1. Excluding G2 itself, what net charge comes from residues whose Cβ is under 15 Å from its Cβ, given Lys and Arg +1 and Asp and Glu -1?
2. List the residue ranges in the chain for DSSP H helices whose C-alpha atoms run 20 angstrom or more along the long axis and whose Kyte-Doolittle average is 0.5 or above.
3. What percent does the relative contact order of region 2-107 come to when contacts are Cα pairs within less than 8 Å and at least six residues apart?
Amino acid sequence: MGVFYVAAGVTHFVATRFYLRAVPEYMPSPRALVLVSGVAEIAGGLGVILPDTRRAAAWGLVLLLVAVFPANVWMALHAEKFAEIPAWALWARLPLQAPLIWWAWRFTKAAKTNQ
């Protein structure tokens, strides 16, 4: 899971323009939101790799996934802005948020190490 989120976070910096289109128009400072969410994904991804930070990082990822869900809904409602992605795919990914949240939540239950 850690590698998945680090890679996803890096894409916020590599494909910033794409992510800017995903920020709902009513949200302030779209570029800052894209970059901050990228940093949060990278930090969460690295955090779940390390036993001492795994639980806190996993909770952060759960909160991040909940926080970005409105952007995913906005993308589905404004499919014309994402012509390179089939509209059905934008809608199909909405229920996929639940297993991603569940996956991160499972890491909140990870056993602590005795260090």
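What follows draws every value from the coordinates through simple rules; no lab data is involved. Everything quoted here is computed from the prediction, not taken from an experiment. All Cβ positions, even for glycine, are placed from backbone atoms using ideal geometry, and neighbour counts span all protein chains on display.
1. Numbers: positive: R54, R55, R106; negative: E41, D52.
Result for the local shell: +1.
2. Values: long enough: 30-49 (29 Å, 1.53); 54-77 (34 Å, 1.46).
Counting only whole DSSP H runs, the qualifying helices are 30-49, 54-77.
3. Working: 114 pairs, mean separation 28.8, N = 106.
Across region 2-107, relative contact order equals 27 percent.
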